[in-house]
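Asker: Mind looking over this structure? Questions follow.
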Amino acid sequence: MGRISVWHGSCSTPEAMDTENLKLRILDYLTRHPAAKDTLYGIALFWVGAEPDAVDRALRSLVDEGHVDEVRSLGTVHYRLRQS
């Protein structure tokens, strides 16, 4: 699998830098575990050890950029590496 780049030069606020850092950490986890999927809270607690609100911002961005799929099933949302 190729390297996924998510760095943007517009990270001028602490929140934007935090979001970019979390995006990289989530993508690193998914690159090392390509079959992994979890909920927002599972990712926050087990994958990156960060606040759910911050992880939610990072996941929204990764979904919007096409790196991560959001899969809904029986009222639960899971996130996984985009399936090509």
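The values are calculated or read from the model by the stated rules, or taken from the named source; none is laboratory data. Quick caveat: nothing in here was measured; it's all calculated off a predicted structure. Because the Cβ atoms are built from the backbone with ideal geometry, glycine has one as well, and the counts that use them run over all protein chains shown.
Asker: Can you tell me how many residues in the stretch 17-55 are among the acidic types (Asp, Glu) and under 12 Å from HIS78 (Cα atoms)?
Answerer: Qualifying residue count for the region: 1.
Asker: Moving to a separate point now. Just to be sure, is SER5 within 22 Å of SER84 (Cα to Cα), part of a helix (DSSP H, G or I) and either among the hydroxyl-bearing types (Ser, Thr, Tyr) or modelled with pLDDT under 95 (or both)?
Answerer: No: the conditions fail for SER5.
Asker: For the stretch 40-51, which positions are over 11 Å from the mean Cα position of the chain (by Cα), surrounded by 14 or more Cβ atoms within 10 Å (Cβ to Cβ) and farther than 15 Å from GLU20 by Cα?
Answerer: Matches in the stretch 40-51: GLY42, LEU45.
Asker: Of ALA36, ALA54, ALA58, which residue is within 19 Å of THR19 (Cα to Cα) and either touching a Phe, Trp or Tyr at 6+ places or on another chain (Cβ under 8 Å) or buried (at least 17 other Cβ atoms within 10 Å of the Cβ) (or both)?
Answerer: Just one listed residue meets the conditions, ALA58.
Asker: When SER73 is evaluated against the numbered criteria (1) buried (at least 16 other Cβ atoms within 10 Å of the Cβ); (2) at pLDDT below 95, which criterion, by number, is the only one it fails?
Answerer: For SER73, the exception is condition (1).
Asker: Just one of (1) among the hydroxyl-bearing types (Ser, Thr, Tyr); (2) modelled with pLDDT of 95 or more; (3) touching a Lys or Arg at 6+ places or on another chain (Cβ under 9 Å) trips up THR19, so point out which.
Answerer: (2)
Asker: Filter the stretch 52-74 for residues that are assigned to a helix (DSSP H, G or I) and not β-branched (Val, Ile, Thr) and give the result.
Answerer: Once the filter is applied, which keeps residues that are assigned to a helix (DSSP H, G or I) and not β-branched (Val, Ile, Thr), the stretch 52-74 yields PRO52, ASP53, ALA54, ASP56, ARG57, ALA58, LEU59, ARG60, SER61, LEU62, ASP64.
Asker: In the stretch 70-84, which residues are free of Cβ contacts under 8 Å to residues at least 40 places away in the same chain and under 20 Å from GLU20 (Cβ atoms)?
Answerer: Those that are free of Cβ contacts under 8 Å to residues at least 40 places away in the same chain and under 20 Å from GLU20 (Cβ atoms): GLU70, ARG82.
Asker: What are the residues in the stretch 40-68 that are farther than 15 Å from ARG82 by Cα and either basic (Lys, Arg) or touching a residue at least 40 places away in the same chain (Cβ under 8 Å) (or both), if any?
Answerer: Listed by number, the list holds a single entry, ARG57.
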